[in-house]
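Reading through the structure tokens given below for one structure.
The values are calculated or read from the model by the stated rules, or taken from the named source; none is laboratory data. Quick caveat, the model's predicted, so the values are computed rather than measured. Reconstructed Cβ throughout: ideal geometry from the backbone, glycine too, with neighbour counts over all protein chains shown. Note: areas computed on protein heavy atoms with side chains; ligands, DNA, RNA excluded. Shrake-Rupley method; radii C 1.70, N 1.55, O 1.52, S 1.80 Å.
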Amino acid sequence: MTGPLALLDSASLYFRSFYALPDSMTAPDGTPVNAVRGFTDTIARILTDRRPSRLVACLDADWRPKFRTDLLPSYKAHRVAEPGDGGADVEEVPDTLTPQVPVILEVLEAFGFAVAEAEGYEADDVIGALATREKDAPVEVITGDRDLFQLVREEPTPTSVVYVGKGWAKAEVLGQREIAEKYGVPAEHAGPAYADMAALRGDPSDGLPGVAGIGEKTAAKLITQFGSLEELVAAASAGDSRVPLKTRLRLSDAADYLAVAPAVVRVAVDAPVVQSGPDAVPTAPADPDRVAELAERWNLGRSVERLLAALPGA
């Protein structure tokens, strides 16, 4: 039986590995490698537990895209370490994580895993584009970020999220039914409804102010009742009696935000994705000598051994 296409929200996974494992895990030269080892172990767990036939590690070419900040300047603004000089802003990243990212990319390349990105877009957009265009296999999005719940669907290709926000041991596999039950949105279009609910509720971690006075439960109820954020706003603007007066006033006060929020929150499924190569899970490392060299240079021993053992040809 053909396994799913696994789409990895790479930054989400290596950030979580970095914070989950001690920085006492170091290379012989003293460089911390906790994120590298944790990320490598995560891929091994994905291959062992989820058994995908294909896998793509999706990357942020721009973690704070201009098309989003032009619409909503507060988008991720609190994470900016320093403004870009005519280019992309620099994200505030722990000093000991930054040098580990190139090593992670080297490990992926040496093993032969596909990576993908899109200039001017986030990994979320890359994942959304690849999931939307997939026609042959079920899709599993591996992430610790709830933003990607908006991608769940049944047709034309089943897409679910393997949510690892509480660690791999407590991973949750969430499809339309699970998102509907968890957040009180309609199951038949749980993904888009989740995105609309998130825009209405807001998310301080992404710099999304939301609508003051409307929390998650009220947001879900309103989106379920009216079908979409656009329909809710139209009903409120028309004085629809189904929208309580207090809610109408709150929506009116947030009109400028609501005009741009959907375009900021929804993933750009038309992102121009560039992929490094075929996405079939390798049965053996593409470059065994380089894998061995990286394992020795960065003290990745057991993590690399576990990933080698998890390959379908092992």
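Got a number for residues in the stretch 19-40 being in contact with a Ser or Thr (Cβ under 8 Å, 6 or more places away or on another chain), open to solvent by 10 Å² or more (accessible area, probe 1.4 Å) and part of a helix (DSSP H, G or I)?
The qualifying residues number 1.
So residue 48 ticks every box in (1) open to solvent by 10 Å² or more (accessible area, probe 1.4 Å); (2) part of a helix (DSSP H, G or I); (3) under 18 Å from residue 99 (Cβ atoms); (4) among the polar types (S, T, N, Q) but one. Which box is left unticked?
Tallying (1) open to solvent by 10 Å² or more (accessible area, probe 1.4 Å); (2) part of a helix (DSSP H, G or I); (3) under 18 Å from residue 99 (Cβ atoms); (4) among the polar types (S, T, N, Q), residue 48 fails exactly one: (3).
Is at least one residue of the stretch 81-93 at pLDDT 95 or above, open to solvent by 10 Å² or more (accessible area, probe 1.4 Å) and part of a loop (DSSP other than H, G, I, E, B)? Explain how you work it out, then say what you get.
So the first thing to find is which residues in the stretch 81-93 are at pLDDT 95 or above, and the list is none.
No, because not a single residue in the stretch 81-93 is at pLDDT 95 or above, open to solvent by 10 Å² or more (accessible area, probe 1.4 Å) and part of a loop (DSSP other than H, G, I, E, B).
For residue 213, state whether it is in contact (Cβ under 8 Å) with a residue 12 or more places away in the chain, in a loop (DSSP other than H, G, I, E, B) and on the phi > 0 side of the Ramachandran plot. Write out each step before concluding.
Numbers: in contact (Cβ under 8 Å) with a residue 12 or more places away in the chain: yes; in a loop (DSSP other than H, G, I, E, B): yes; on the phi > 0 side of the Ramachandran plot: yes.
When the stated conditions are applied, residue 213 passes them.
Would it be correct to say that residue 71 is touching a residue at least 40 places away in the same chain (Cβ under 8 Å) and open to solvent by 30 Å² or more (accessible area, probe 1.4 Å)?
On the way: touching a residue at least 40 places away in the same chain (Cβ under 8 Å): yes; open to solvent by 30 Å² or more (accessible area, probe 1.4 Å): yes.
Here the answer is yes, as residue 71 does meet what is asked.
Considering only helices (runs of 4 or more DSSP H) fully contained in the stretch 242-314, which possess at least 2 residues that are surrounded by 15 or more Cβ atoms within 10 Å (Cβ to Cβ) and more than 27 Å from the chain's Cα centre (by Cα)?
Details: elements: 245-253, 255-265, 288-297, 301-310.
Correct list: 245-253, 288-297.
Is it fair to say residue 130 is open to solvent by less than 10 Å² (accessible area, probe 1.4 Å), at pLDDT 95 or above and under 30 Å from residue 313 (Cβ atoms)? Give the steps one after another, and end with the answer.
Numbers: open to solvent by less than 10 Å² (accessible area, probe 1.4 Å): no; at pLDDT 95 or above: yes; under 30 Å from residue 313 (Cβ atoms): yes.
It is false that residue 130 is open to solvent by less than 10 Å² (accessible area, probe 1.4 Å), at pLDDT 95 or above and under 30 Å from residue 313 (Cβ atoms).
Name the residue, out of 116, 110, that is outside any helix (DSSP H, G or I) and either hydrophobic (A, V, I, L, M, F, W, C) or touching a helix residue (DSSP H, G or I) at 6+ places or on another chain (Cβ under 9 Å) (or both).
116
Considering only the stretch 138-170, how many residues are over 17 Å from residue 123 (Cα atoms) and touching an Asp or Glu at 6+ places or on another chain (Cβ under 7 Å)?
1
Quick check: anything in the stretch 1-24 hydroxyl-bearing (Ser, Thr, Tyr), within 18 Å of the chain's Cα centre (by Cα) and farther than 25 Å from residue 119 by Cβ?
yes
Scan the stretch 155-172 residue by residue and report those that are modelled with pLDDT under 95, closer than 15 Å to residue 133 by Cα and either under 15 Å from the mean Cα position of the chain (by Cα) or open to solvent by 20 Å² or more (accessible area, probe 1.4 Å) (or both).
155, 156
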